[in-house]
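The values are calculated or read from the model by the stated rules, or taken from the named source; none is laboratory data. Note that this is a predicted model, so its numbers are computed, not measured. As a convention, Cβ positions derive from the backbone with ideal geometry for all residues, glycine included, and neighbour counts pool all protein chains shown. Protein only, heavy atoms only, side chains kept; ligands, DNA and RNA dropped before computing areas. Shrake-Rupley method; radii C 1.70, N 1.55, O 1.52, S 1.80 Å.
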Amino acid sequence: MTDKQMESKIYQIELLNEFSMSVYNRLLRHVHKNKIDLTHQENFIALLFHQLEETLSLNLFKKELKELEEIKHYWVTMNSLTKEICASDVQTD
């Protein structure tokens, strides 16, 4: 991998890390606001939360560029899903 390719990969990873954390934090706020029990394995939100945690723990530097694109697609999909789940959390002051 050339220096330019490595630089591009690092930049993609940084963006992916920030984006994925924003998606995770959205769901985390939803969990706290709604007092969702994360130990309940039959709860969809609890399962999704643990799935996001597991995906966050991936070492992105060990992934190929194609895999990074697939992971990005996953987070874009989770972004849409968590927005839909959390839509009812919008505060009306």
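Summary of computed values
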| read-out | value |
| --- | --- |
| The chain, accessible surface, carbon-and-sulfur percent (1.4 angstrom probe) | 54 percent |
| Directionally averaged shadow of the stretch 1-45, computed from the convex hull of its alpha-carbon atoms, nm² | 4.3 nm² |
| Count, lysine Cα pairs under 19 Å in the chain, 8 or more residues apart or across chains | 12 |
| Length added when fully stretched, residue 13-residue 37, from 0.36 nm per residue minus Cα-Cα | 5.5 nm |
| Loop-resident sites, the chain, for GluC sites (Glu not before Pro), counting at most 12 other Cβ within 10 Å (DSSP) | 42, 64 |
| Accessible surface, the chain, averaged per residue in Å² (probe 1.4 Å) | 72 Å² |
| Reported label for calculated P(r) over Cα pairs in 10 Å bins from 0, in percent given [x] 19, 43, 24, 12, 2; [y] 15, 43, 26, 13, 4, 0; [z] 12, 15, 14, 12, 10, 9, 8, 7, 6, 4, 3, 1 | [y] |
| Average Cα contact separation per residue, the chain, under 8 Å, 6 or more apart, as relative contact order % | 37 percent |
